[in-house]
Structures are given as structure tokens and as C-alpha cells.
Amino acid sequence: MSNTLKPILARLAAGEHLADTDAESAFDIIMSGDATPAQIGALLMAMRVRGETVAEITGAVRAMRARMTAIEAPEGAIDVCGTGGDGAGTLNVSSAATFVVAACGVPVAKHGNRALSSRTGGADVLTALGVNVDAPMDRLSAILRAAGCVFLFAPRHHPSMRHAAGPRVELGTRTIFNLLGPLANPARVRRQLTGVFAPQWTRPMAETLQALGHEAAWIVHGMGLDELTVAGDNHVSALGNGIIHDFVITPEDAGLTRAPIEAIKGGDADHNAAALVAMLQGAPGAYRDTVLFNTAAALIVAGRAHNLRDGVAQAAGAIASGAAMNALETLRRATAP
């Protein structure tokens, strides 16, 4: 094993913050397999205890992106995803929004995983819906073009992350890696709607995307959820034209009715898949409104909606016309073995 991580660990132990270049070097060492489990655990906890900085997150993302297996995506493609970690066990919102956004004409390269902290992750519900999340890597770009959306299964695109898997499990707590996934989309999208598990992370995540040169993004947190909610206030850090604005939005701003978070409580993959199909087929309720809310935000980020109400109207139209359900069916066919 290499000793090159030891000087960085000494600096962290002394309370120092790393520059983005130093963080990039540290995470490259980790992802190359040249760090011991003890060294990885020490670095992750040192950062966690004193708080990860934007520079450290930026450097770590650059290291992660440099080693990922990327795909080509159409101009204007967007990602709609969350960090996970909210522990709420809700129905799958970003996965459902993927089909509605795609039906509105915006290509969606959705980055996601199986359930880690939630009961049913994006990969779990899509598998239950008949989507092949293990479609051949060399077909993913064509699938995105044909279906207007594609699922990018994180472990397949970030194999170097396996070197940190053991220490992360043994630590059993949130680390910087929980923040990195949504920032390292394999399609290299430059626009994204990303939910975070705590409101204090909306601004740092937006600043990281700003440093990485993204065109537009909304980093959101709603009442304990890593997505926009119709239950109450939502914190947003929006990046656009190189500037970040922080604000709060409510469901009323989008013309939607409030409902408690319990109204979108989920279950296992089959349960969540059935609810998603029913919603795409027009079933009303809090789940549909939550998906409309998040889709509207994604359309603003994509430059396709002027405001939330405009975005909600487009999203509702995509569901009513059957276009959103067709997006799911097209993805299912396109990924078939």
C-alpha cells in the first residue's frame, strides 16, 4: 500500500481544510486502491467531524469523474436525483419524475442506485417496472436517444468506488460519499435537479456545481426529504448564469395543494412500482402532485418552463396525454435483453 495518503491525513488531523487539488489527489489514491481501509476511514471521519468544504467536495468529484465509465448524452440532457439518506421511506419521486420530464421533451440521464438508506431505491422500482437496469453499457447512449431517458446504475459506472465500500459500511454513518454520487453523473450532464438530505447542504452543493462549471441546477430540500414536497416549505439553492440564489418555495407557489408526507409513504419495490404506474395513468393525489412539483422544477432547470405553474401545467399535460406512461413503456422495450 502507498504511503502517499499519510501526509494528507496528518494535515486533516491538525484541523486543516484541503484545497480542491489536494482533495482530488486524496480521492484518486482511494479510488486507485492504494489506501488501506484504516486510512480511508480516517480521512472520511476527519472530514465528517469538522464538516466537508466545497473545495474538498469539488476535488473529490473531479477524482470520481476522472475514473467513471461515461456515456454520450444529447445536448440539454438533465439529471433528476437525490442523495438519499432522508430515511423517510416515501414513494419513488425522482424515478417517476424522470418519465414525466422525458415526456415533456427533455432528455433525462438518471443516475441512481439500489436502496441503501431507503426501502426502495430507483434501481429497485425500475426493475419491478420491467426496466433492465443492467442493459449493455454500449447501448445506453442509444437507449437515451430512443426513449428520451435512461437509468445509469451507479455501481456499474463507478467501479473504483468499491475500494471505499468496506470502510463506508463499517463506519455506518454518512460520509462525503453520500454527497458525491449526484455530482458525478456518467452522462456529464450540465443541468440537474438534485435533492439533499439536509437543508444546510443546498448551498454547498450548488457552489460545488458552480465550481465544476455547470450551466444550471436546483439543489433542494423539503421538510426532511431529499426532494421537493407538497407538505410545506422547500429550501432551494438555484444556480443559473453563474450565480446562486437561495429561496424558499411552497406547493402553493406551484398551484398545488398541501398534503402530509405520510400521504406518499412507500413500501417494497412492487408496491412503489404499482403506485408509479397508477400515477402515470392519471391517478390523482399527493403522489401525483409531488411528481408534478419536482417535474416543474426540472423543467425550469432545463430552460423549458418560465415558472413553477407553467412547469406543473406542462407536466400535467404529459401525464394526461399518456406521453409520460409511453416514456416508461419505451424505456422498458429499449432495455429489453
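The values are calculated or read from the model by the stated rules, or taken from the named source; none is laboratory data. All of these numbers come straight from a predicted model, not from anything done at the bench. Neighbour counts are summed over all protein chains in view; Cβ atoms, including those assigned to glycine, are modelled from backbone coordinates with ideal geometry.
Values computed for the structure shown
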| quantity | calculated |
| --- | --- |
| One residue from V230, V236, V220, V277 being assigned by TED's automatic domain parsing to the domain that holds A305, under 19 Å from A316 (Cα atoms) and either in contact with a Pro (Cβ under 7 Å, 6 or more places away or on another chain) or assigned to a strand (DSSP E or B) (or both) | V230 |
| Failed item in (1) assigned to a helix (DSSP H, G or I); (2) closer than 30 Å to N272 by Cα; (3) among the polar types (S, T, N, Q), with T21 passing the rest | (2) |
| Selected residue [among the basic types (K, R) and part of a loop (DSSP other than H, G, I, E, B)] from R188, R203 | R188 |
| Leading residue by the ranking (nearest to the chain's Cα centre (by Cα)) among those in region 39-96 that are under 18 Å from R174 (Cα atoms), among the hydroxyl-bearing types (S, T, Y) and in a loop (DSSP other than H, G, I, E, B) | T83 |
| Test: residue in region 127-135 that is modelled with pLDDT of 95 or more and assigned to a strand (DSSP E or B) | no |
| Residue in region 288-304 that is over 16 Å from N92 (Cβ atoms), assigned to a strand (DSSP E or B) and either modelled with pLDDT of 95 or more or in the same structural domain as S95 (by TED's automatic domain parsing) (or both) present | no |
| Number of positions in region 158-200 that are at pLDDT 95 or above and either on the phi > 0 side of the Ramachandran plot or not assigned by TED's automatic domain parsing to the domain that holds H214 (or both) | 1 |
| Members of region 275-296 found to be among the aliphatic types (A, V, I, L, M), buried (at least 24 other Cβ atoms within 10 Å of the Cβ) and closer than 21 Å to L126 by Cβ, listed by number | L276, M279, L280, V291, L292 |
